[in-house]
Amino acid sequence: MHPKRPLFIHIAATLLCAMLLSPQIQAGEAKPMAEDPIVEKRLIHISEELRCLVCQNESLASSRAELANDLREEVRKLIAKGDSDAEIKTYLVERYGDFVLYRPEVKPLTWVLWFAPFILLGLGLIGMAVYLRTRRKLPIQRHGLTADQRRQVQTILNARDNP
């Protein structure tokens, strides 16, 4: 270390070199949007109704996963080809299954998705009603204190009042 330079200059120079050489800190190139704003609006509208296959909890429009970018690009191509929204969704469902839709159609394959929560809620309410009804029919048992227990309680209370 050079005696005339303060320590903080060496630390600052080291941190600057680390930041410049680190690949995680450098920003990636922005993805180009469609040149036609109408195509982009349609893309956003369609992709809000589709589920990201990687994130599963996000729509295709809000996901930043690499597969979501690829799917959006595929949807852009289908829009440019002239496919309707319904045709695009049908194509994606045929390729990836009903899971790709946020609101899948009601059909025998998706009945579990649509009706299972209501069935489970109904079964839970029926179970709770049966439990409460049987509990209400049970006799209430009231146990009083025996004479010996009353004496013990009275002794403890008296001892506490008269230290």
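The values are calculated or read from the model by the stated rules, or taken from the named source; none is laboratory data. Since the model is a prediction, treat every value here as computed from it, not as a measurement. Cβ sites come from the backbone with ideal geometry, for glycine too, and all protein chains shown count toward neighbours.
Residue by residue, here is whether (1) of a type outside the set (Gly, Ala, Ser); (2) at pLDDT 90 or above; (3) over 30 Å from Pro37 (Cα atoms) holds:
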position	(1), (2), (3)
Val54	yes, no, no
Leu67	yes, no, no
Ile88	yes, yes, no
Trp111	yes, no, yes
Arg133	yes, yes, yes
Thr155	yes, yes, yes
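Annotation: of all residues in segment 59-73 being under 15 Å from the mean Cα position of the chain (by Cα) and surrounded by 15 or more Cβ atoms within 10 Å (Cβ to Cβ), the one that is nearest to Arg103 (Cα to Cα) is Ser59. A Cβ distance below 8 Å, combined with a sequence gap of six or more or placement on separate chains, defines the contacts here; from segment 37-58, residues that are part of a helix (DSSP H, G or I) reach residues that are modelled with pLDDT under 85 and small (Gly, Ala, Ser) in the pairs Glu40/Ala34; Leu43/Ala34.
Among residues that are touching a residue at least 24 places away in the same chain (Cβ under 8 Å), closer than 29 Å to Lys41 by Cα, surrounded by 10 or more Cβ atoms within 10 Å (Cβ to Cβ) and not charged (D, E, K, R), Val93 is not included.
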